[in-house]
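Q: For reference, the structure I am asking about is given below.
The values are calculated or read from the model by the stated rules, or taken from the named source; none is laboratory data. Because the structure is a prediction, the values reported are computed rather than measured. Note that we place each Cβ from the backbone using ideal geometry, even for glycine, and neighbour counts take in every protein chain shown. When the accessible area is computed, the model is the full protein with side chains, heavy atoms only, and any ligands, DNA or RNA have been set aside. Shrake-Rupley method; radii C 1.70, N 1.55, O 1.52, S 1.80 Å.
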Amino acid sequence: MKINYSVIFTIPLLMVMFLDPMYLELISGDNENTLGAILNVLVKLNTGVAFLYSVYRFKTMSPFMRFVFVLVTIYLFGMILESYYKYSSFLIYPHVFQRLLLFYFVFFIYTFYKNNDYLQLRHIINIILIGFVLNIVLIHPEALSIASFTNHERGVNASTMYMIVIPFLYFASKYLFEGGAYNLMMSFLVVFAIIFFQHRTIWVCMTGIMAVYVYLVKFKASKPVNFGKLIPIAFVMVVLGIVSSAFLFSTHPEIITKIQENFSDIENASEQGTGGWRYNQFLSYLPFIQDNFLMGMRFEGFELPIQFYRDDIDAPVFEDGNGHHFHSFYVDVLFYIGFVGMAMFMMMQIYAVKKGFTRKSLDEKQIVILAFITSGFVYGISYILPFFFYAFLGLALAYMEQQPETHSFILESARRRKKKLQSLRSTKTSSNHTVTSY
């Protein structure tokens, strides 16, 4: 049996990816309490590993990343001392500390994969797709219906659909650089899933990602790509789409109405739909953010009574005593750890993007990861950035800091090993045939 040992290099990335509800629901089912309990244990375990590994690998960081790491760690220990001084407990509210501890996922993945380019992205893509299919089939089969679509019962978590964007970029790149009907078919299937499950924020992110991706492929790709070969395929897909849509819409006209409503919600995000809900939540907490803009409210923020009320029953949206649950990364971070906390994270994200856009050339894997992390600027407006985003940001930082000559050497070494293995298998096969003939 042939064993591909490169799968081992996916383990650090998977440690963070498996914190997504897509995977945890396979264990907990629809039980939110069980899922929450499992998540709490795994987050604490993973952040502990991430912190210790990052400290151990501190010397491998670039000067800039060392600087950010020191800033984050100083802030963390400052909060620990504050917690002990005020509450006689080093970690009084884990919910607040988590806002800062998640940054160590970035350092963990960054230090592990820096100058260690043995990760094969196809393994990650396969695990994402397997998890997605199992989650739909086993946990949310009801989501696969026209009624679910028209009633806006998404069934699938927003962070899960955000993760599905990565396979789309992967298959699109494979088709552009290598061709193949399978790659084209898979990219269209993923796009269909993204559209069907109706997370409008993901639609907006996809638009931005595609603009960035096309730019990177056109101006930064290490080998030329002929965009012209997409024209005949696109034409065929448009024709097939029109024909199939005409049939589908004629039998289910409510689909057109639902799509129109979705685009209307996007156009009027601050007035209707979930966008209006998020906007009202932001207004409820804006005075507290303004009064504590620099360092955030931290532990006092956790203790603050819920400020966001439901109009229909004049009651808080969330229960007091459990912290505040925001539908925006920016609001969440600014509220709890302030502009300083936001700046530390943005320094890493902007640094990765800048490094990527100023490089002379990028390979397929670098383009996919870089295009994806740029979408975090948009996704964070509507949702909390998922755990796996921090991991892929760390991966992007590792790739963007990689020296071109080092990257080329590693790739060439991998090709040589693959060629040698193929040669050995060929020799072994020939030897077996010879023995058989005797």
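Q: Sorted by packing (mean other beta-carbon atoms within 10 Å per residue), highest first, where do 213-221, 338-346 land?
A: Numbers: 213-221: 16.3, 338-346: 18.6.
Descending packing order for the listed peptides: 338-346, 213-221.
Q: A further question follows. With a sphere of radius 15 Å drawn around the Cβ of ASP332, what net charge do the other residues whose Cβ falls strictly inside it have (Lys, Arg +1; Asp, Glu -1)?
A: Numbers: positive: ARG99, ARG278, ARG298; negative: none.
It works out to a net charge of +3.
Q: Let me ask another. For the peptides 367-375, 75-83, what is the packing order when you average, over each peptide's residues, the other Cβ atoms within 10 Å and list the highest mean first? Numbers along the way, then the final one.
A: On the way: 367-375: 24.7, 75-83: 15.6.
Result, highest mean Cβ count within 10 Å first: 367-375, 75-83.
Q: Leaving ligands, DNA and RNA out of it, work out the accessible area of ARG278 with a 1.4 Å probe and give it in Å² to the nearest 10.
A: 30
Q: May I ask which of LYS44/LYS354; LYS114/LYS354; LYS44/LYS355; LYS59/LYS360 have a Cα-Cα span longer than 22 Å here? Mind dumping the intermediate values first?
A: On the way: LYS44/LYS354 32 Å; LYS114/LYS354 17 Å; LYS44/LYS355 31 Å; LYS59/LYS360 27 Å.
Violating the 22 Å limit, Cα to Cα: LYS44/LYS354; LYS44/LYS355; LYS59/LYS360.
Q: Over the heavy atoms of HIS325, what accessible area does a 1.4 Å probe trace out, to the nearest 10 Å²?
A: 80
Q: Please work out the average accessible area per residue across segment 1-101, using the 1.4 Å probe convention, and give it in Å². Numbers along the way, then the final one.
A: On the way: 5820 Å² over 101 residues.
With all protein chains present, segment 1-101 gives 58 Å² per residue.
Q: Okay, which of segment 179-199 sit inside 17 Å, backbone N to the point 7 Å along the Cα-Cβ direction of MET210?
A: It comes to 184-199, nothing else.
Q: Let me ask something else. Please list ASP117, ASP320 in order of solvent-accessible area, largest first, computed with a 1.4 Å probe with all protein chains present.
A: Details: ASP117 10, ASP320 90 Å².
Descending order: ASP320, ASP117.
Q: Still on this structure, I have one more. Given a Förster distance of 30 angstrom, what is the FRET efficiency for VAL70 paired with HIS95, based on the Cβ-Cβ distance and rounded to 0.05?
A: On the way: r = 25 Å, r/R0 = 0.82.
Computed FRET efficiency for VAL70 and HIS95 comes out at 0.75.
Q: Another question, then. So how exposed is GLU178, as accessible area in Å² (1.4 Å probe, rounded to 10)?
A: Answer for GLU178: close to 110 Å² accessible.
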